[in-house]
Amino acid sequence: MNIVLYEPEMPMNTGNIGRSCVATKTKLHLIEPLGFRLSDREIKRAGLDYWPHLDVTVYSDYRDFLDRNPGAKIYMATTKAPNVYSDVKYEPDCYIMFGPESRGIPEEILVENQETCVRIPMWGETRSLNLSNSVAVILYEALRQNGFEQMTMEGHLRNFDWK
């Protein structure tokens with residue numbers, strides 16, 4: 001799986017997303033400009049000790065991302081989409097793109113990718129979920145659809161056995 005953040009603005013969100021990517025063996029793609037430096041304390045704090053294990057690539061702009069990932073199947077997560085995220089079939093090597101926290105993916109990009117735009121249903125006039133929460137919701141649905149391939153499927157107690 002691949003998560004793409006188009007011009008992310010908040011280091012804490014990107015740090016949290018990075019941690020989720022490490023936990024799921026998902027590659028993170030960051031499209032500049034970023035609203036922070038990758039060396040910022042906040043991003044490392046949110047990513048904890050997982051950040052050094054993150055598979056991350058940074059792109060100078062959207063065109064650079066497309067040029068370096070030719071033929072990529074890209075799902076666009078947006079509050080403007082008519083399709084619900086759980087109603088599509090995610091391929092194991094697909095890319096799921098999310099826009100900046102304050103404005104989302106630009107509409108000119110969405111229009112070019114109408115068939116792969118997906119949304120998370122929300123109640124009433126709620127504008128959106130937090131970016132890191134949105135990534136987790138859609139990423140885990142994509143992983144579920146692909147059988148959580150090679151992921152640890154059971155936990156263990158330290159001092160007791162499950163009955």
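The values are calculated or read from the model by the stated rules, or taken from the named source; none is laboratory data. Everything quoted here is computed from the prediction, not taken from an experiment. Note that each Cβ is placed from the backbone with ideal geometry, even for glycine, and that neighbours are counted across all protein chains shown. Side chains included, ligands, DNA and RNA excluded: accessible areas come from the protein's heavy atoms. Shrake-Rupley method; radii C 1.70, N 1.55, O 1.52, S 1.80 Å.
Okay, here's what the table says:
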| read-out | value |
| --- | --- |
| Highest average packing first - 13-25, 52-64, 128-140, 69-81, Cβ atoms within 10 Å | 13-25, 128-140, 69-81, 52-64 |
| CD proxy at 222 nm, helix term only [per DSSP H run n ≥ 4: -39500 (n - 2.57); per residue of the chain; nearest 500] | -9000 deg cm²/dmol |
| 3J(HN,Hα) from dihedral phi, region 98-106, Karplus parametrisation 6.51/-1.76/1.60, rounded to Hz, x for glycine, proline | 10, x, x, 4, 8, 9, x, 5, x |
| Gain on full stretching of the segment that runs from VAL137 to SER86 - 0.36 nm per residue minus C-alpha separation | 17.4 nm |
| Solvent-accessible area per residue for the chain (1.4 angstrom probe, square angstrom) | 61 Å² |
| Taking the chain and dividing mean pair separation by its residue count, relative contact order in percent (alpha carbons under 8 Å, at least six apart) | 26 percent |
| Computed log₁₀ I(q)/I(0) - Debye formula, equal Cα scatterers, no solvent, the chain, q 0.17, 0.19 Å⁻¹ | -1.03, -1.27 |
| Low-density loop cleavage sites - trypsin sites (Lys or Arg not before Pro) in region 96-148, where at most 16 other Cβ are within 10 Å (DSSP) | ARG103, ARG127 |
| Exposure of PHE36 as accessible area (Å², to 10), given a probe of 1.4 Å and all protein chains | 20 Å² |
| Within the accessible area of region 64-112 (1.4 Å probe), percent carbon and sulfur | 49 percent |
| In order through region 22-35: 3J(HN,Hα) via Karplus (6.51 cos²θ - 1.76 cosθ + 1.60), integer Hz, x for Gly, Pro | 4, 5, 10, 6, 10, 7, 9, 10, 10, 9, 6, x, 9, x |
| Where a label projected 7 Å from the Cα of LYS73 along Cα→Cβ would reach, residues of region 1-23 with amide N under 15 Å | 1-3 |
| Karplus (6.51, -1.76, 1.60) ³J(HN,Hα), θ = phi - 60°, over region 55-69, in Hz, Gly and Pro reported as x | 8, 10, 10, 10, 10, 5, 6, 4, 4, 4, 4, 4, 5, 8, 9 |
